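Take a look at the structure below.
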There are 2 protein chains.
Amino acid sequence: MALEHALLVSLSERPGTGIELTRRFDRSIGFFWRATHQQIYKVLRRMEDDGWLEATAGDSRSTERRYAVTDAGRAALETWIAMPTRTAAMRSEVAVKMRGASYGDRTALLDHLRHLIGEHRTRQAHFERLEREQFPRPAELAGQRLDTWLVLRGGIKQEQFWVEWLSEYVEAWVGSETLAGARSSTSETEGEA
Amino acid sequence: MALEHALLVSLSERPGTGIELTRRFDRSIGFFWRATHQQIYKVLRRMEDDGWLEATAGDSRSTERRYAVTDAGRAALETWIAMPTRTAAMRSEVAVKMRGASYGDRTALLDHLRHLIGEHRTRQAHFERLEREQFPRPAELAGQRLDTWLVLRGGIKQEQFWVEWLSEYVEAWVGSETLAGARSSTSETEGEA
DNA sequence: GCGGGTTGTGCAACTAGTTGCACAGTGGGG
DNA sequence: CCCCACTGTGCAACTAGTTGCACAACCCGC
């Protein structure tokens, strides 16, 4: 589980309250690790019990808690970063659907894929805007700032991957009005059988 | 959950036993949906109870069961394929580590990233070989064969994404002996502080 | 002061997946 | 025939994450 480590990274960058962390996970960190507030609060409590975090009173209300990383937490994060990482299993519903489109409504799927392409393009454009605004001079970056930029680059590349792949699929089935059109006609006949 | 749907797709392509499906999920389907045998057997049973699959005796032993999709299963798959798919949350431990490298052993992480790059390159080469062997003439593909090829294309692009991103990260920190070398020297100093 | 809406924190039921382990059927060798 | 190794099926404990809901503190308007 890396949520606790994602929290350690985020709190190492800047101490914060449960709700601030929730917002970070809805936004910037959420590109590479997403978490709900329920889970964040639960894991924060456990990390505090384990001695990785210390909590002080927050500012905005009596129940608010502000967390910071302890020396033990810092050590745990350091250890984890050096550990080998297993390659995560890929699981994509969209891919299952594309593979099984012959057994379903291909037209509906293609429409939906076009919609998803739009979403991925929007997200890519958003990341690219962030990149321009926050990292106008990447060649001058160093330290943790360089890391943050490079991870944002990953976000951009990931969205590009989705746009390319989904577009290739759609174009293969719809594509241009000439060659692909002939293919599309053939395949629809097969689908009916 | 899409395991049941991935199973419907796989069994629609070709009926099979639990162990055959397990092998398919270790190999070709595993690129876009991975599952353990324990999970597969559990879900197969449930799908049979729900009327989506029918089981007959297998060939290799008295306990072996061979599954095929029922009309109800076909209908369920068709419905699911036409449904909108929510964009899955991205969660990458490697990304968390890259973002938090300043708080850990960056040298160890960079070594590990180089290893991962090698793994992704190997997997990409494997997918590309499959592509050449099984789909020597992609322009002539149609129907379900075209889908299978296009999904394999996604596998190749996904590995390319990882190779590119991880390589960009490593090169930014190590890179060429000139410009990036100067940066690398600066950042190590920061890391010690 | 009161009521209503907002907000920070958190409980709990549930799901999907992981991991360790187990049983029994099968085949082959001694 | 017996024993051992392999193999197909499956149980169960556990984990991480999702979703619905809840409580209480806080603020603002009447």
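Read-outs throughout are calculated quantities, based only on the coordinates presented, and are distinct from any laboratory measurement. Treat the numbers as computed from the prediction; the structure is a model and nothing was measured. We place every Cβ from the backbone using ideal geometry, glycine too, and count neighbours over all the protein chains shown.
Quick notes on this one:
- Net lengthening on full extension, residue A:49/residue A:26 (0.36 nm per residue, minus Cα-Cα): 5.8 nm
- Placing a pseudo-label 7 Å from each Cα along the Cα-to-Cβ vector at residue A:19 and residue A:137 gives an inter-label distance of 3.8 nm.
- The per residue volume of the convex hull around the alpha-carbon atoms of the protein assembly as shown is 184 Å³.
- Projecting the Cα positions of B:18, B:31, A:80 onto the charge dipole of the protein assembly as shown (unit charges on Cβ atoms of Lys, Arg, Asp and Glu, taken about the Cα centre) puts B:18 furthest along the positive direction.
- Cβ crowding within 10 Å, taken as a proxy for footprinting-reagent exposure, orders B:41, B:103 from fewest neighbours to most as B:41, B:103.
- Checked against a 27 Å cut-off, the cross-linked pairs A:97/B:157; A:157/B:97; B:42/B:97 give Cα-Cα distances beyond that limit for B:42/B:97.
- The long axis of helix B:3-13 is offset from the longest Cα principal axis of chain B by roughly 60 degrees.
- Neighbours of residue B:112, meaning other residues whose beta-carbon lies under 13 angstrom from its beta-carbon, give a summed charge of 0 when Lys and Arg score +1 and Asp and Glu score -1.
- With the simple model of a label 7 Å out from the Cα in the direction of the Cβ, residue B:60 to residue B:115 spans 3.3 nm.
- Net charge of neighbours whose Cβ lies under 14 Å from the Cβ of residue B:26, counting Lys and Arg as +1 and Asp and Glu as -1: +4
- Ratio of Rg to Rh for the stretch A:59-142: 1.18 [Cα atoms; Kirkwood radius as inverse mean 1/r over pairs].
- Residue exposure sequence - B:92, B:62 - by fewest surrounding Cβ within 10 Å: B:62, B:92
- Kirkwood Rh, Cα atoms: Rg over Rh of the stretch B:3-82: 0.94
- Mean ellipticity per residue at 222 nm, deg cm²/dmol - from DSSP H runs of n ≥ 4 across chain B, formula -39500 (n - 2.57): -21500 deg cm²/dmol
- Whole-Å distance, taken between Cα centres, linking the stretch B:68-105 and the stretch A:25-91: 23
- Counting only Cα atoms, chain A measures 67, 39, 37 Å along its principal axes, largest extent leading.
- Ranking of B:148, B:36 by count of other Cβ atoms within 10 Å, fewest first: B:36, B:148
- Simple spin-label estimate for residue B:129 and residue B:1 gives 3.6 nm between the two label positions (7 Å along the Cα-to-Cβ direction from each Cα).
- Near residue B:84: Cβ cut-off under 14 Å, other residues only, Lys/Arg at +1 and Asp/Glu at -1. The net charge is -1.
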